[in-house]
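Structure first, then comments.
FYI, it's all coordinate maths here, none of it is from the lab. Note that this is a predicted model, so its numbers are computed, not measured. In this analysis, Cβ positions are derived from the backbone assuming ideal geometry, glycine residues included, and neighbour counts consider all displayed protein chains.
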Amino acid sequence: MSAKAANALRRKGARRRKARCPVCGRVAVTRFAPFCSLHCADVDLVRWFDGGYVVPGHEPAGRAPNDDDNDGAA
Ligand SMILES: [Zn+2]
């Protein structure tokens with residue numbers, strides 16, 4: 001490999017895309033990664049608490065919607 005090609009490869013690796021804050025889209029800051037600020041980290045946390053984010057997965061199964069009504073009533 002020529003020195004020129006090696007240099008090009010090194011440069012390509014060094015030029016990493018800057019991570020963007022998933023909340024507002026600004027450039028993320030290492031201290032609050034992957035967010036740009038403490039504010040955006042909090043916004044993301046609140047979204048999780050509010051159920052705005054749902055981890056894709058299986059639905060809770062085994063309980064029919066009306067199961068509570070006849071528990072022990074028979
Ligand atoms: Zn942000």
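Points worth noting:
- Using a Förster distance of 30 Å, the FRET efficiency for His58-Arg20 (Cβ separation, nearest 0.05): 0.45
- Residue order, fewest to most beta carbons within 10 Å, for His58, His39: His58, His39
- Taken along the Cα-to-beta-carbon direction at a fixed 7 Å, the label points for Phe49 and Arg31 span 2.3 nm.
- Taking amide H atoms as placed 1.01 Å from N in the peptide plane, the amide H of Arg20 lies under 5 Å from those of Ala28, each 5 or more residues away in sequence or on another chain.
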